[in-house]
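Heads up: the structure comes next, in structure tokens.
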Amino acid sequence: MSDDPLYTEIQGVTLDGKLWPSAFHIYLASRFPENLPIVEKLRNTRDVEVAKKLTNDATPLVAFSDWEEQDLNCLRDIIWGKFKVSPSLQDLLLITGRAELVFVDDDTVLGSGKDGKGLNMIGTVLMKTRTRLSKLAA
């Protein structure tokens, strides 16, 4: 998993003037908007497995009644932020054309799940990002 581009960044990802190890770290931290100690621990933890364990062991201080929508919006913002600043990533995404993008991962929400029947939110957001980039390029 540590070689997966979702979990690793060569230069990190900057959000609101702060450097994060990866977009996935930002995504994990979004579940704790009012818990600065957890957010800072996540921001300073390079290892994805350690970051996941931190979030699994902690309880969000804010419960969103519309968590799926909140989750999707956060994911959309993070992925757009990652692609809008990187022409090389834009090119890689745009050359996929109209292909369906599937994030193959055991996670049944973010990815395809073990059985291939997951929600594939990352794949869906990547396809929407590709459409948005295509419209900007036209």
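Pairs of Lys residues in region 68-138, spaced 8 or more positions apart or belonging to different chains, with C-alpha separations under 25 angstrom: 6 in total.
In this label model, Ala99 and Trp80 are separated by 2.5 nm, measuring between points 7 Å along each Cα→Cβ vector. Between region 93-120 and region 73-88, the alpha-carbon centres lie 17 Å apart.
Shape verdict for region 31-138, please, from the Cα gyration tensor: rounded (a/c under 1.5), prolate (a/b greater than b/c) or oblate. Since a/c reaches 1.5 and a/b is larger than b/c, the shape of region 31-138 is classed as prolate.
Readers should treat all values here as calculations from the given coordinates under stated rules, not as data from a laboratory. These numbers were taken from a predicted model, which means no experiment stands behind them. All Cβ positions, glycine included, derive from the backbone under ideal geometry; neighbour counts span all protein chains shown.
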